[in-house]
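Report on one structure; see the data block that follows.
The values are calculated or read from the model by the stated rules, or taken from the named source; none is laboratory data. If you're wondering where the values come from, they're calculated on a predicted model, not measured in any experiment. No Cβ is skipped: glycine too gets one built from the backbone with ideal geometry, and neighbour counts run over all protein chains shown. Protein only, heavy atoms only, side chains kept; ligands, DNA and RNA dropped before computing areas. Shrake-Rupley method; radii C 1.70, N 1.55, O 1.52, S 1.80 Å.
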Amino acid sequence: QVQLVESGGGLVQAGGSLRLSCAASGSIFSTYNMGWYRQAPGKPRELVGRITSGGTTAYVESVKGRFTISRDNAKNTVYLQMNSLKPEDTAVYYCNARVLVVGTTGSNDYWGQGTQVTVSS
């Protein structure tokens, strides 16, 4: 019913930048919070940051001042601008969206397939 497709990952040197995008499509009536998570090898998935439908953002302490989340509600798309990247930012990044599907009464969480971000030292 709902698909989240991510793009923009890749390999970058420390200090560089990348921009991730995640577009939600399908039978979407409304999209609420959208966010980005990441999972490094051998570690649990952690929240990187999230953005409400009104544009309020919150970030994990380790990325504050370096990462910026934004969204385009008309396109049901969320972005993650990552600057001053560090090797410890290396992980698979997943987008997440809470979506109300057309014809239903309750919202659910949906996930993207993940995109690899590798930061070399």
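Just a few scattered comments:
- Candidates in segment 1-16 are the residues that are open to solvent by 60 Å² or more (accessible area, probe 1.4 Å) and over 11 Å from the mean Cα position of the chain (by Cα); of these, the one that is nearest to Gln113 (Cα to Cα) is Gln3.
- In this structure, Ser25 does not satisfy being in contact with a helix residue (DSSP H, G or I) (Cβ under 9 Å, 6 or more places away or on another chain), among the small types (Gly, Ala, Ser) and surrounded by fewer than 14 Cβ atoms within 10 Å (Cβ to Cβ).
- Enumeration of residues in segment 76-91 that are out of contact with any Ser or Thr (no Cβ under 7 Å at 6 or more places or on another chain) and not acidic (Asp, Glu): Val78, Leu80, Ser84, Lys86, Ala91
- Qualifying residues in segment 43-56 (those that are in a loop (DSSP other than H, G, I, E, B) and among the β-branched types (Val, Ile, Thr)) - the one least open to solvent (accessible area, probe 1.4 Å): Thr52
- Taken over segment 9-42, the criterion of being modelled with pLDDT of 95 or more, outside any strand (DSSP E or B) and of a type in the set (S, T, N, Q) is satisfied by Ser17 alone.
- Qualifying positions in segment 57-105 - open to solvent by 20 Å² or more (accessible area, probe 1.4 Å), in contact with an Asp or Glu (Cβ under 9 Å, 6 or more places away or on another chain) and part of a strand (DSSP E or B): Tyr79, Tyr94, Arg98
- Residue selected from segment 1-43 under the condition out of contact with any Leu (no Cβ under 9 Å at 6 or more places or on another chain) and β-branched (Val, Ile, Thr), by the criterion farthest from Pro87 (Cα to Cα): Val2
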